[in-house]
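This report refers to the structure that appears directly beneath it.
The values are calculated or read from the model by the stated rules, or taken from the named source; none is laboratory data. Since the model is a prediction, treat every value here as computed from it, not as a measurement. Positions of Cβ are backbone-derived with ideal geometry, glycine not excepted, and every protein chain shown enters the neighbour counts. Ligands, DNA and RNA are stripped out before the accessible areas are found, and what is left, the full protein with its side chains, is counted by its heavy atoms. Shrake-Rupley method; radii C 1.70, N 1.55, O 1.52, S 1.80 Å.
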Amino acid sequence: MSTTDATARVTVKSPDQMQDLGRRLATLLRPGDLVLLTGELGAGKTTLTRGLGEGLGVRGAVTSPTFVIARVHPSLTGGPPLVHVDAYRLGGGLDEMEDLDLDVSLPESVVVVEWGDGKVEELSDDRLHVVIGRAVGADAPGGPEGAPEADVDDVREVTVTGLGPRWSGAGLPALETC
């Protein structure tokens, strides 16, 4: 697997900004893209995916697929469908996920996998890895000094890394400027 220098780091201060980041990221996606989302419970993975769905112009409300494992959202605009997978309850690797036929869906879809680390990397050498971390404490980046605790709790540090030649020159650093 080859890696690129395609990395962006974004401070997100609210769920609305997380959704907006998803919309902006969607402009860089194309059929065949695999996106892995990593972050603790409540970090904003589904909120980011909701923005991806809006940006891709897909049908249906993007909600957490935790209990159904995967949802397919067809495009309303002629673009790729969004396949949204939540691998949280799946303990095994790709073998356990074979029933989802992600390898069949991937070429014509954008496949987003929450909790996919160690489970779906084999699907593609070219993938986007999005890590969402909570900024902690009053010194959280973007959190004003003396900000109410609820405001600080919403601050996230998002690192978007493109792995493989697909992401070389794909415009990820532009995500940092909005």
task = Find all pairs meeting these conditions: Cβ atoms under 9 angstrom apart; at least six residues apart or on different chains; first residue within region 118-129 and basic (Lys, Arg); second residue in a strand (DSSP E or B).
result = 119/36; 119/113; 127/34; 127/35; 127/36; 127/162; 127/163
ask   = Is at least one residue of region 58-80 farther than 20 Å from residue 157 by Cα, in contact (Cβ under 8 Å) with a residue 24 or more places away in the chain and under 12 Å from the mean Cα position of the chain (by Cα)?
value = no
query = Among 152, 131, which is closer than 15 Å to residue 44 by Cα and either assigned to a loop (DSSP other than H, G, I, E, B) or at pLDDT 95 or above (or both)?
reply = 131
request  = Residue by residue through region 97-123, note down the ones that are at pLDDT 80 or above and crowded, with 20+ Cβ neighbours inside 10 Å.
outcome  = 109, 110, 111, 112, 113, 114, 115, 116, 120
request  = Search region 158-176 for residues that are in a helix (DSSP H, G or I) and pair each with any residue that is at pLDDT below 90 when their beta-carbon atoms are under 8 Å apart and the residues are at least 6 apart or on different chains.
outcome  = 165/2; 165/4; 167/4; 167/6; 172/6; 173/6
request  = Only residues that are open to solvent by 30 Å² or more (accessible area, probe 1.4 Å) and either in contact with a Ser or Thr (Cβ under 8 Å, 6 or more places away or on another chain) or assigned to a loop (DSSP other than H, G, I, E, B) (or both): list them for region 20-49, please.
outcome  = 27, 28, 30, 31, 40, 41, 42
ask   = How many residues, within region 28-55, are over 13 Å from the mean Cα position of the chain (by Cα) and either within 22 Å of residue 107 (Cβ to Cβ) or of a type in the set (Ser, Thr, Tyr) (or both)?
value = 3
note = Counting only residues that are among the charged types (D, E, K, R) and under 18 Å from residue 42 (Cα atoms), region 65-86 contains a total of 1
